[in-house]
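Taken together, the values in this text are just the output of simple stated rules run on the coordinates, not laboratory data. Everything quoted here is computed from the prediction, not taken from an experiment. Heads up, the Cβs are rebuilt from the backbone with ideal geometry, glycines too, and the neighbour counts pull from every protein chain shown.
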Amino acid sequence: MANDAAQRWFASAVVDAAILAACVLAAAGLSLALGQDANWDLQNYHFYNPWAWMAGARAYAQDMVAAQLQTYHNPLPDVPFYAMVSAGWEPTTIAMAMAVPAAVAAFVLWKLATRLFRSGSRTERFTFRKEVKPKMVELTLAGRSGSTPIALGEW
């Protein structure tokens, strides 16, 4: 009996790993298909804030509120992006790396939704299709709501 439980757990883990890999591949592929981003936030404070933080007081003494109000956002979530750009990574590689958190979030949302609606009624399954699936699409950076995170600091 313990052997059957172990086999079921292993089979479930393999399926979860495959779905997580599919989420990562889909997010990375979509990020590549959408191309390099050049929005205002990215150009102004997602790069500037970690640079200023790493430069220390010198940067803040010379630049008075350079990124407007966003100058005072916590720079730590944007340090990975800054480090990748500063290290000279290709923009496509950065885009794929930045898609990984969205892919993990989509997987976690899928996992929670399947647990919550596993034995649900027809109405609950309809609610899943109507409300949860669109959020999963938004998490893959293909959403149209304009609220899709671009950098780690926007989660």
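Derived scalar couplings between HN and Hα for the stretch 15-29 equal 5, 4, 5, 5, 5, 4, 4, 5, 4, 5, 5, 5, 5, 5, x Hz in order, rounded to whole Hz, by the Karplus curve 6.51 cos²θ - 1.76 cosθ + 1.60 (θ = phi - 60°), x for Gly and Pro.
Over the stretch 1-78, all Cα pairs binned in 5 Å intervals from 0 give whole-percent P(r) values of 3, 13, 14, 11, 9, 9, 9, 8, 7, 6, 5, 3, 2, 0, listed from short to long. Counted by neighbouring Cβ atoms within 10 Å, the residues M54, M84 run from fewest to most as M54, M84. From least to most packed, judged by other beta carbons within 10 angstrom and beginning with the fewest, Y72, Y48 follow the order Y72, Y48. Classified by the C-alpha gyration tensor, the stretch 33-119 has a prolate form. Its axis ratio a/c, with a ≥ b ≥ c, is 1.5 or above, and a/b is larger than b/c. Between N74 and A18, the modelled label-to-label distance comes to 3.8 nm, taking each label 7 Å out from Cα in the direction of the beta carbon.
Within a 10 angstrom radius of the beta carbon, how do H46, H73 rank from fewest other beta carbons to most? Intermediate results must be reported in sequence, preceding the final value.
Numbers: H46 26, H73 16.
Exposure proxy ranking, most exposed first: H73, H46.
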